[in-house]
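Contents: one structure, followed by commentary.
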Amino acid sequence: MTHAAALTPTSSLLRLPAVLARVGISRATLYRWMRQDQFPRPRSLTPNGSTVAWLAAEVEAWITSKPTTSGGTFGGAISFNATHPA
């Protein structure tokens, strides 16, 4: 069975620009994470591997597997005291 035959009608593929935009990282970071097995690898769409795409479901699963932030600000909260300016 080929990869195309294994895809369901609801499966969608994302090309590199869409993956970078969805995840919000650079190309270099994406490929580094793939080398380190920290991000899903793409599927080859051509016999020689020159055209690849990622399964949208795998990218979404990777995103949802990441912990959420605490909702605070980066570097801690900033407080202002109106009676004693800094």
How do 54-61, 33-40, 14-21 rank on mean C-beta neighbours within 10 Å, highest first? 54-61, 14-21, 33-40
So for the range 16-70, using the alpha carbon gyration tensor with a ≥ b ≥ c as root eigenvalues (a/c under 1.5 gives rounded; past that, a/b versus b/c decides prolate or oblate), I'd call it prolate
Built amide H within the under 5 Å cut-off of Leu13, gap 5+: Ala56
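Read the figures in this text as sums done on the coordinates, not as results from a lab. Predicted, not measured: the structure shown is a model, and the values here were computed from it. Cβ coordinates were reconstructed from backbone atoms using ideal geometry, including for glycine residues, and neighbour counts include every protein chain displayed.
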